[in-house]
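Heads up: the structure comes next, in C-alpha cells.
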Amino acid sequence: MKNARALLTKYKAGTCTAEEKMLIEKWLLFYKASEPTDLTVADYEQLHNEIWRGVQKNTATKPVRRPLWPKIAITAAVLLVISFGIYWFNDYKRDLKHGVIIVNDIAPGKNKAYLTLANGERIALTAAANGKLAKAGGVQITKTKDGQLVYEISPTPNGKTELALNTIETPRGGQYQIHLQDGTKVWLNAASKLIYPQSFVATAVRKVQLSGEAYFEVAKDSKHPFIVETTGQLVKVLGTHFNINSYTNEGDTKTTLLEGSVQVSGPTKVILKPGEQAVLKPGDLKIRQVNTDNIIAWKNGEFQFANEPLESIMRKISRWYDVEVIFQNPELKNEIFSGGISRFELVRDVLKKLSLTEVVKFKIEGRRIFVMK
C-alpha cells in the first residue's frame, strides 16, 4: 500500500480523522502481534496465509441480517490491516535479504548540546531560542540561526572581563559548533565535552580541556598560544586546523593535523606536519601518516571507514545513534571494513551498507543493535 507510511505519520502527529484513527489502531494490534523479535520469515508467511484464509472464509459465508455500513467498515478495516501487513512483511523480507532485521528504526543524531555557565546556569542549546542567551563578565553569548554558539566581548564599566570557565557538552546522538571569544571555531562530536574560558583577554595562553572528539580551527595569535588538554596529553598551537579524538573507550588518543604545525606533549614531545597523526598510548607517543579526509569525515556529516575493525565502527554508530551494541559473535569485532555513507541516514541504511559484504548481519530492537553472523 503506497500511502501506508503517510497514514502512519498522520497518526503519530495526531492529525488522523476518526475513521483513519480506528483503522490504524486496528492495524497496530495486528502489527504489534506480528513483530516479536523471535519470529522468522516462515512465521510471517504462516501468519499472512492464516489472515487471508480467514478473510476468504468470512467473505464466502452467507451474510446475516445486519445494517450494511458496519459490515462495510469492518471489511474495509480488515483489508487495510492486510494491506499494511503485506507492505511491512515485504519490507521486512527485503531488509532481511540485506542482512538487517528491523523491529524498529533509529534516527541519526542532530545539533544538541548543553551549556553550563560559570555561575552554574545550565542551558539546553537545542531548545533555546536563537539570539542572546546570556551575558556575564563582559561577554555576550549568542545562539545564531544556524545553531552555532558565539562569544563576543561587550563593554563593561571597568573595562575588564572576568576569568570564568564555561562547559559545553554534547550527549550521545548530539553534535555542536561553537565560536570561542578569540575567534577559534570548534566542532564537537557526540558524547564530548569542552571546558574553556568565556574570554581569553586576561590570559597569557588560550587553554581549553577536551574529552571526546573535536575539530579545531584556531584563530592565529603568535603572542597567545592555544593549548588543548586531554588525558595524558597537551596540544600546543599558534593557529592551525586539527582534530583530536580522545574518547576513553577508544584506548588511544589521536591528534591529526590538517594544516600548520602542532606540538603534542605526552611521554615525549613530537611536532606534527600536515597529514600526520600522533597516537598516544600508555607510555608511548608515535607519529603516522593518515588520510585526513577519513579523520574529519564526521565533521562533514559522513561516516568514512578505511580498513577499520567492525568494533571501532560500531562504537561510532553507538555514539551517533545513541544505541547499545551487542556482539552475539565476538569474533566479528575484528572484521575489517572500508566504505562511506552519510551520517544523516537512518541507522538501517548504515547497517545495510556493512551487511552487503555478507560477513555480518544486524538486528535492530529498541535502542539496541545486535551484531551476528
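Applying the criteria of a DSSP loop state and at most 16 other Cβ atoms within 10 Å to the chymotrypsin sites (Phe, Trp or Tyr not before Pro) of the stretch 181-289 yields no site. Amide H contacts of Thr240 (H built 1.01 Å from N, in plane; Pro and chain starts excluded): Val218 sit under 5 Å, all sequence-distant by 5 or more or on other chains. Mind listing the long-range amide H neighbours of Gln175? Cut-off is under 5 Å, sequence gap 5 or more, other chains count too, H placed in the peptide plane at 1.01 Å from N. Residues meeting the amide H criterion: Lys110, Asn111, Lys112. Shown is the FRET efficiency for Lys185 and Lys373, computed with R0 = 45 Å from the Cβ-Cβ distance and rounded to the nearest 0.05: 0.55. Here each label is just a point 7 Å from Cα along the line to Cβ, and for Ala127 and Ser338 those points are 4.6 nm apart. For the stretch 220-373, the mean projected area of the C-alpha convex hull, equal to one quarter of the hull surface, is 9.7 nm². Its alpha carbons give the stretch 292-371 an Rg and a Dmax of 11.8, 35 Å.
In percent, rounded to a whole number, the relative contact order of the stretch 229-373 is 15, using alpha-carbon pairs under 8 Å and six or more apart. A straight chain from Arg172 to Lys269 at 0.36 nm per residue would run longer than the Cα-Cα distance by 31.7 nm. For the stretch 158-208, the C-alpha radius of gyration sits at 1.26 times the compact-globule guess of 2.2 N^0.38 Å, with N the residue count. Positive contributions from Lys and Arg (+1) and negative ones from Asp and Glu (-1), summed over other residues with Cβ under 14 Å from the Cβ of Thr292, come out at -1. Per-residue Karplus couplings for the stretch 299-312, computed as 6.51 cos²θ - 1.76 cosθ + 1.60 with θ equal to phi - 60°, are listed in order as 5, 9, x, 9, 9, 10, 10, 10, 6, 10, x, 4, 4, 5 Hz, Gly and Pro entered as x. Taken over the stretch 158-278, the alpha-carbon convex hull comes to 103 cubic angstrom per residue. Remark: for residue pairs Lys273/Lys353; Lys286/Lys333; Lys10/Lys352; Lys220/Lys254, the C-alpha separation exceeds 31 Å in Lys273/Lys353. Label sites at Asn111 and Arg315, each approximated as a point 7 angstrom past Cα along Cα to Cβ, lie 2.9 nm apart.
Judged by the mean number of other Cβ atoms found within 10 Å, the most tightly packed of the peptides 105-112, 164-171 leads the ranking 164-171, 105-112.
Accessible surface for the stretch 309-373, divided over its residues, is 46 Å² per residue with a 1.4 Å probe.
Here the Karplus curve 6.51 cos²θ - 1.76 cosθ + 1.60, taken at θ = phi - 60°, turns the phi angles of the stretch 285-294 into couplings of 9, 10, 10, 9, 7, 9, 8, 5, 4, 5 Hz, with x standing for Gly and Pro.
The values are calculated or read from the model by the stated rules, or taken from the named source; none is laboratory data. As the structure is a prediction and not an experimental result, all values here were calculated from the model. Quick reminder, even Gly has a Cβ in these numbers, built from the backbone with ideal geometry, and neighbours come from all protein chains shown. For accessibility, only protein heavy atoms count, side chains too; no ligands or nucleic acids. Shrake-Rupley method; radii C 1.70, N 1.55, O 1.52, S 1.80 Å.
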